[in-house]
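Colleague: Sharing a structure below in structure tokens format, with a few things to ask.
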Amino acid sequence: MDIVQDLIRIMDRRSRDPSDEKLFNLAARGKALIYPNVFITVTANEWDFPFHSSISARFKGKQMTDFQGPMTLDIYRVLMETMQELLVSNEFFDEVYEYAIRVEFQGRGTLHIHVVAWAIIQPGVQITGRVVDKKWSPFVRLLHDLFKSNVDVQLGAYHNYISGYISKSSDAMNFPPLNILSLR
């Protein structure tokens with residue numbers, strides 16, 4: 001079973017539970033947050049990606065194919081750690097209840113991520129946008145500046161494009177959250 005489907009069931013249950021006051025009150029006002037409403041895609045451009053300085057120094061002057069493994073691990077680490085740090089209450093999000101990050105590989109082997117989140121956006125804050133369409137919001141600009149990559153951020157009730165990613169797994173990998181892994 002896909003983690004997104006599991007989280008939908010959890011959020012449905014939480015929205016009906018009076019002890020989960022915030023979600024219960026949203027549901028009582030007809031604004032239940034059962035389905036993910038924030039959709040983020042970050043497609044890393046490995047030739048622009050801000051690699052850790054040790055990766056850059058170690059492979060300076062070499063072809064990217066000479067360091068595909070370390071490059072992929074560094075992209076994974078940076079994308080996951082940074083997204084987990086951003087998916088909390090901050091200047092963009094009033095509250096992030098749940099999220100899932102799916103890691104996939106582009107045709108040339110480079111990682112990209114899809115994020116679904118159940119979140120309340122800060123009042124008056126714009127987070128949607130798409131780099132390739134030159135539609136910038138402060139959140140899209142931040143992600144683009146952090147990752148030097150293509151970014152797409154959409155809001156809505158269970159976007160159509162996410163449906164394909166729930167059942168698709170032929171070129172995807174789901175990793176446990178980083179706080180479970182021992183990276184040291």
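The values are calculated or read from the model by the stated rules, or taken from the named source; none is laboratory data. What you see is a predicted model; the values in this text were computed from it and never measured. Cβ atoms come from the backbone with ideal geometry, glycine included; neighbour counts cover every protein chain shown.
Colleague: Hey, could you check segment 118-148 for residues that are surrounded by fewer than 20 Cβ atoms within 10 Å (Cβ to Cβ) and small (Gly, Ala, Ser) and say which is nearest to Arg77 (Cα to Cα)?
Modeller: Top of the filtered list is Ser137.
Colleague: Being within 30 Å of Leu111 (Cβ to Cβ) and touching a residue at least 40 places away in the same chain (Cβ under 8 Å) is the filter here, so list the residues in segment 6-33 that pass it.
Modeller: Across segment 6-33, the qualifying residues are Leu7, Ile10, Met11, Leu33.
Colleague: Can you spot a residue in segment 88-106 that is in contact (Cβ under 8 Å) with a residue 24 or more places away in the chain, under 12 Å from the mean Cα position of the chain (by Cα) and loosely packed, with under 14 Cβ neighbours inside 10 Å?
Modeller: Within segment 88-106 (the criterion being in contact (Cβ under 8 Å) with a residue 24 or more places away in the chain, under 12 Å from the mean Cα position of the chain (by Cα) and loosely packed, with under 14 Cβ neighbours inside 10 Å), the answer is no, since none of the residues qualifies.
Colleague: Quick one: count up the residues across segment 1-44 that are part of a strand (DSSP E or B) and over 19 Å from the mean Cα position of the chain (by Cα).
Modeller: 0
Colleague: Separate question: Taking Arg102 as the residue in question, decide whether it is within 28 Å of Ile34 (Cα to Cα), at pLDDT 90 or above and among the basic types (Lys, Arg).
Modeller: No: the conditions fail for Arg102.
Colleague: So which residues in segment 46-63 are out of contact with any Lys or Arg (no Cβ under 9 Å at 6 or more places or on another chain), surrounded by 12 or more Cβ atoms within 10 Å (Cβ to Cβ) and at pLDDT 65 or above, if there are any at all?
Modeller: Listed by number, the residues that qualify are Arg58, Phe59.
Colleague: Please name all residue pairs, on different chains or six or more residues apart, with Cβ atoms under 6 Å, provided the first residue is in segment 34-45 and is buried (at least 20 other Cβ atoms within 10 Å of the Cβ) and the second residue is of a type in the set (Ser, Thr, Tyr).
Modeller: Between residues of segment 34-45 that are buried (at least 20 other Cβ atoms within 10 Å of the Cβ) and residues that are of a type in the set (Ser, Thr, Tyr), the close pairs are Ile34/Ser15; Val42/Ser149; Ala44/Thr110; Ala44/Ser149.
Colleague: Could you check segment 86-140 and list, in sequence order, the residues that are in a strand (DSSP E or B) and among the acidic types (Asp, Glu)?
Modeller: Asp94, Glu95, Glu98, Glu104, listed by residue number.
Colleague: While we're on this one: Just to be sure before I move on: is Ser15 at pLDDT below 70 and polar (S, T, N, Q) in the structure I sent?
Modeller: So Ser15 fails the test.
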